[in-house]
Amino acid sequence: MAGGSAISGLVGASVHRKEDRTILTGTGRYIDDVQERGMLHCHFLRSTVAHGRIVSIDASAAREVEGVVRVFTGADMSAITEDLSFAQPIPGLHSPSYPAIAHDVVRFVGEPVAMVVAESRYIAEDAAGLIEIDIDPLEPVMSTTAGLADGAPEIFGDVVPGNVVHTDEQLFGDIEAAFSQADHIVEQSLDQHRWACNPMETRGGVATYETGSGQLTYEASTQTTHTLRFLLAGWIRQPIHQFRVTANNIGGGFGLKFSAYREDVAVCAAAKAIGGSVKWVEDRNEHLVAAGAAREEQLTLTAAVKADGTLLGLRVTMKLDAGAYPINPPSTVYAGLVRTTLPGPYKLPAYHFQHHIVATNKASYISLRGPWAVETLVRERLMDKIAETCGISPVEVRNRNLITLDDQPTKMITNVTLENVTAAETFQKLVEMVDLDEIKREQEDARREGRLLGFGVGTFIEPAPGTQEFWAAVGFPFGSEPCRIRIEIDGKVTAFTPQTPHGQSHETTLSQLIADELGVGFDDIRIVYGDTDATPFSMLGTGGSRAATMASGAVVYGSRELRKRVLEIASHILEASVEDLQIADGVVSVKGAPGASVPMAQIAMGCWLAPEQMPPGTNTEMEFVANYDGEGGGFSQASHACWIEVDQDTGKIAIKRFLVVEDCGKMINPAVVEGQVIGGIAMGVGGMLLEHSAYSDDGQYLTATFMDYLMPSAPELPEIEIEHLEFESDKVVGSRGVGEGGTVLAPAALLNAIDDALAQVGRPRVTETPITPTRMLELLGVIEKE
Amino acid sequence: MKPPVFEYVSPATLDDAIAALSAPDAGDVKVLAGGQSFVPLLSLRLAQPSLVVDINRIDELASITEEAGVLTIGSLVRQRQAEHSDVVKKACPLMAEALPFIGHTAIRNRGTIGGSIAHADPAAELPTVAACLDAELVARGPGGERTIPAAEFFTGFFTTALAEDEILTAVRVRSAGPGTGAAYEEVARRHGDFAMVGVGAQVRLDGDVVAEARIALSGVDIAPVRASRAEAALAGRTVDDSILEEAAQAAVADLSPSSDLHGSAAYRKHVAGVLIRKTVATAAARARENR
Ligand SMILES: Cc1cc2nc3c(=O)[nH]c(=O)nc-3n(C[C@H](O)[C@H](O)[C@H](O)COP(=O)(O)OP(=O)(O)OC[C@H]3O[C@@H](n4cnc5c(N)ncnc54)[C@H](O)[C@@H]3O)c2cc1C
């Protein structure tokens, strides 16, 4: 690795995960494991109507049930809380505020209409069944098309006129000129369905209010303790200095747990009102219905291209189905991400992007692992269509348009500087690893036997973490990342990170970095996270694939500062110059003179207990907060290839082979990188073929259990082959995030493979997802579409 | 997703279980076998019984026997146990073929033969096997034992001819003799999911000619469906592509499946035809090997 992390061996090795002992032995602390003294349990009664006016609610019978402590209707809850508001000073954004529990209008099936707090969850559910609620149904809006139609019911009245949460268009370059010079105009559209995060641990939290001190603690399953704290504090009227948010083990998030939700407000407010401890663990049924889902967008792309396949210009329109209620971040961030990222690693001289974000009667649109992913999906499919139009191969069209390292630094048309971006190099490597002629031959042989094979590729860049310019273009801050590091009195190390790892292995990777930088043992380092009383502030927690660069940078700089202090003190003690000293296994010694040594523990003890006796002029503070600005940040990149076989009798798609060439810079832990890549691809494949968060036309939710919401399981997934390029930048921290990319790019390679199979039998391309067996037989013309 | 309050008993004998089921003050009683369908129903509060009678301790319901050309499988025999039974493989190859399609190993370790049949999910494998083979379902109630032919047992969507106070005690099928072959195929969204369409076929050959063909389908109606017209089309014929096509078309013409998120009606009809061709061809080939 260029740049000069002082590597003594752990960084770059597939060190066993620190997290595993706890998780695999079942000794973790997830929300359902939390037991507080006198803890009560709650259950939310939820609307069964997609859109309607609450006429009356009668909870008297529920209040009589033995073991019920309190029932909150919407009115009861609004008396002790503020409405949730995610409004931001964004021009043209219509962001309605809303109560924790509905008391007036319900706007999706699953919206909370009452909360029962009882001695057990069983009793709470029994009592909820006795609440009588009368809702006058209103016409629901179940698609962006319906929402934008003339005379559509405005689901938030004039707060969101015409149901348009936000609309905007942006022009980059001379689009008219591009289209007037075009040899071909290529159009491509896609209607992507809703699918969901579905972490193994659902949402949930335990709120505990101490009536004596007025202190409130909320232990939550969250990706961002600090943001949850500052958002909730105002809504629950809790002084923020009296409010602590913690997180322990977190069973996955995928972007879902980045926001604060109305249930969080209700649980905290109930604990305050009752003066005790209240637990809420969302069950899977609630989760599927009410937690929100992602990815419901319709895009149309029109490209101006030269006869040789060179891109001249691109017009894009996007409609995004936002569901009913806004959450964090504002939906303009999603639109900004799609707009800014869509040109990807390609040269694009002119670009026009227009979006409509539309409110509908569904659960909220939320972040899901690469929330901008549709840009890669539509762009990579467009590239294939351009290839077909121009009579060149999918490989050739990409080679003619990709930005290579030699072209950089350069600017994307969306005003983002690209530097050290190796998408083209990953693509080149991918192409070297596959025999395209052989693939063609196999396809022809298969067709002779009546079988149908498909092959697809794709490439992309991933803002992991992205750059200042990138986030400015998106309209979201790109903060620096802090870390507090402490050398303890015995020479061991504690680091406090604002990351809230929930599967990303930060306890392992950050420990590897500290071990190498400070010369202490991997097991002598503890990473503390998930406690607003202990960890430095960050708005982001774990999200946006920041940790590999940002959290790593913070621990590297923090470790280096402490190392400097230790060595300066040691140089006095050992009477040697700092340059001649080394630290290994927690012992400072003179290089080449192993006898001359002093344990770090001895230095640390002196610094903590008797700083005045330490060498004069040295810095004896054994704790330091580092802030890392990302050195400009950067991108990850990858290329995927996907081989499929389509069963023309049943429409089932088997993925025969999946190849990844990825470059996330210096890998801190290759096993962790591969775990993220594999998991990401599994999620992307599942999203395209299986997962569907579906509503009926009248707004009923159709996939409320795992019998109907189909997660990918091992037999549905191929072995995934991974090749790494590790581009060496001149940054101190050359590592980039890799958690989201698999989910972003895999759908594109897969759909391109499906389109390739369809083309071989003269059938049209996919325009709608998911690709169920029924849809596949419809596309093949075997059965009629209903 | 927490069950409502209910009383629970776990008798050790069939008589005690029937007594509990038929007690005058029993209210809404339900039998608990492997719990693989029933416990989720409880958690979703789709079942709200006042009393649950757990039959897992009743060992007399848990044996597999073959006598005088009749295979008897106790209702409490675990699906996994039947799947690995040499007796079942030989006497009822269709069931042995069908069992691995039920969920996953962990589910079959608990799920019982009788539980699946009593549950009568129209997409399930074992009711389809029972219908295909004209199995006899043995039931015991306060009035004693009776035998219900499969054709009368499955009365609709999750409903059977069992009375509230009856326990399904066993499934009986005639042992498959020489010259018989069986095949089971299904299409599900994922490995282990309930089938969108499943087909069980058993063919007995006399020389090269079909002496008897039995075909049943799952997932295409409110209960398992026998493809009688296809069976008739095959009888007395030699199995080749054109007769397979004829049989499949005859069967499919009678079907009117409904659509859901996982498969459209057109899809189910199409796949039913595909699977009939496939299973009958395989069953006939196996019958030939088994002469
Ligand atoms: C993830 C998953 C996947 C599954 N996939 C499939 C699949 O692909 N195919 C499939 O067929 N099944 C599937 N199942 C269901 C499973 O096979 C069940 O085992 C089976 O349906 C019921 O058997 P059981 O012994 O568990 O019965 P239980 O769940 O205990 O009972 C089911 C019903 O039958 C009644 N009952 C049970 N035994 C008797 C009896 N002896 N007399 C009278 N009534 C009785 C009960 O009262 C209840 O109403 C799946 C289940 C799960 C959880």
So, A:GLY110, is that one assigned by TED's automatic domain parsing to the domain that holds A:GLU132, surrounded by 19 or more Cβ atoms within 10 Å (Cβ to Cβ) and on the phi > 0 side of the Ramachandran plot or not?
yes
Would you please name the residue that is farthest from the chain's Cα centre (by Cα), looking only at residues in segment A:53-83 that are hydroxyl-bearing (Ser, Thr, Tyr) and farther than 19 Å from A:TYR98 by Cβ?
A:SER60
Being surrounded by fewer than 16 Cβ atoms within 10 Å (Cβ to Cβ), in the same structural domain as A:ARG262 (by TED's automatic domain parsing) and in contact with a His (Cβ under 6 Å, 6 or more places away or on another chain) narrows it down to one of A:GLY67, A:GLY92, A:GLY74, so name that one.
A:GLY92
Any residue in segment A:322-335 that is surrounded by 24 or more Cβ atoms within 10 Å (Cβ to Cβ) and either closer than 30 Å to A:ILE392 by Cβ or assigned by TED's automatic domain parsing to the domain that holds A:LEU84 (or both)?
no
Tally of residues being over 18 Å from A:PRO747 (Cβ atoms), facing another protein chain (nearest Cβ under 8 Å) and among the acidic types (Asp, Glu) across segment A:690-721:
1
Within segment B:152-170, restricting to residues that are more than 19 Å from B:ASP28 (Cβ to Cβ) and within 10 Å of the ligand (Cβ to nearest atom), the one that is farthest from the chain's Cα centre (by Cα) is B:THR169
Tally up the residues in segment B:171-193 that are over 22 Å from B:LEU76 (Cβ atoms) and within 16 Å of the ligand (Cβ to nearest atom), please.
10
Answer yes if at least one residue in segment B:61-72 is closer than 27 Å to B:ASN290 by Cβ and within 9 Å of the ligand (Cβ to nearest atom), and no otherwise.
no
When you check A:GLU716 against the structure, is it within 16 Å of the ligand (Cβ to nearest atom), over 24 Å from A:ARG546 (Cβ atoms), of a type in the set (D, E, K, R) and touching a helix residue (DSSP H, G or I) at 6+ places or on another chain (Cβ under 8 Å), yes or no?
yes
When you look at A:GLU375, is it free of Cβ contacts under 8 Å to residues at least 24 places away in the same chain, of a type in the set (D, E, K, R) and assigned to a helix (DSSP H, G or I), yes or no?
no
Selection status of B:LEU46, within 14 Å of another protein chain (Cβ to nearest Cβ) and either within 12 Å of the ligand (Cβ to nearest atom) or on the phi < 0 side of the Ramachandran plot (or both)
yes
From B:ALA135, B:ALA131, B:ALA120, residue being within 18 Å of B:GLY200 (Cα to Cα), crowded, with 20+ Cβ neighbours inside 10 Å and within 11 Å of the ligand (Cβ to nearest atom):
B:ALA120
Can you tell me which residues in segment B:37-75 are closer than 17 Å to B:ALA20 by Cβ, crowded, with 16+ Cβ neighbours inside 10 Å and in contact with an Asp or Glu (Cβ under 8 Å, 6 or more places away or on another chain)?
B:PRO49, B:LEU51, B:VAL52
Among the residues of segment B:12-36, count how many are in contact with a Ser or Thr (Cβ under 8 Å, 6 or more places away or on another chain) and within 8 Å of the ligand (Cβ to nearest atom).
2
If you take the residues in segment B:177-220 that are away from chain A (no Cβ under 14 Å) and basic (Lys, Arg), which one is nearest to the chain's Cα centre (by Cα)?
B:ARG214
In segment B:253-285, anything more than 11 Å from chain A (Cβ to nearest Cβ), surrounded by fewer than 22 Cβ atoms within 10 Å (Cβ to Cβ) and in a helix (DSSP H, G or I) is listed as B:ALA253, B:ALA281, B:THR282, B:ALA285
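Conditions (1) part of a helix (DSSP H, G or I); (2) acidic (Asp, Glu); (3) in contact (Cβ under 8 Å) with a residue 40 or more places away in the chain, marked per residue:
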| residue | (1), (2), (3) |
| --- | --- |
| A:ARG379 | yes, no, yes |
| A:LEU382 | yes, no, yes |
| A:GLU388 | yes, yes, yes |
| A:VAL395 | yes, no, yes |
| A:ARG398 | yes, no, yes |
| A:THR414 | no, no, yes |
| A:ALA424 | yes, no, yes |
| A:ARG447 | yes, no, yes |
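Okay, residues lined up against (1) among the polar types (S, T, N, Q); (2) within 14 Å of another protein chain (Cβ to nearest Cβ); (3) crowded, with 24+ Cβ neighbours inside 10 Å:
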{"position": "A:GLU723", "(1), (2), (3)": "no, no, no"}
{"position": "A:VAL732", "(1), (2), (3)": "no, no, no"}
{"position": "A:ALA748", "(1), (2), (3)": "no, no, yes"}
{"position": "A:VAL766", "(1), (2), (3)": "no, no, no"}
{"position": "A:MET776", "(1), (2), (3)": "no, yes, yes"}
{"position": "A:LEU780", "(1), (2), (3)": "no, yes, no"}
{"position": "A:LYS785", "(1), (2), (3)": "no, yes, no"}
Is it the case that segment A:653-671 has a residue that's within 12 Å of chain B (Cβ to nearest Cβ) and either closer than 23 Å to A:THR769 by Cα or buried (at least 18 other Cβ atoms within 10 Å of the Cβ) (or both)?
yes
For B:THR147, are the conditions met, namely being hydroxyl-bearing (Ser, Thr, Tyr), within 15 Å of the chain's Cα centre (by Cα) and more than 9 Å from the ligand (Cβ to nearest atom)?
no
Yes or no: segment B:215-224 includes at least one residue that is surrounded by 24 or more Cβ atoms within 10 Å (Cβ to Cβ) and in a helix (DSSP H, G or I).
no
Going residue by residue through segment B:98-113, is there one that turns out to be free of Cβ contacts under 8 Å to residues at least 24 places away in the same chain and not in a loop (DSSP other than H, G, I, E, B)?
yes
Return yes when A:ILE681 is more than 14 Å from chain B (Cβ to nearest Cβ), assigned to a loop (DSSP other than H, G, I, E, B) and of a type in the set (A, V, I, L, M, F, W, C) and no when it is not.
no
Answer yes or no: is there a residue in segment A:711-728 that is without any contact (Cβ under 8 Å) to a residue 40 or more places away in the chain and assigned to a loop (DSSP other than H, G, I, E, B).
yes
Matching residues in segment A:652-681 - criterion: being among the basic types (Lys, Arg) and farther than 23 Å from B:ARG190 by Cα
A:LYS666
Name the residues in segment B:1-15 that are free of Cβ contacts under 8 Å to residues at least 60 places away in the same chain and in contact with a strand residue (DSSP E or B) (Cβ under 8 Å, 6 or more places away or on another chain), would you?
B:PHE6, B:GLU7, B:TYR8, B:VAL9, B:SER10, B:PRO11
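The values are calculated or read from the model by the stated rules, or taken from the named source; none is laboratory data. Keep in mind the model is a prediction, meaning the values are calculated, not measured. With ideal geometry, Cβ positions are generated from the backbone for all residues, glycine too; neighbour counts draw on all protein chains shown.
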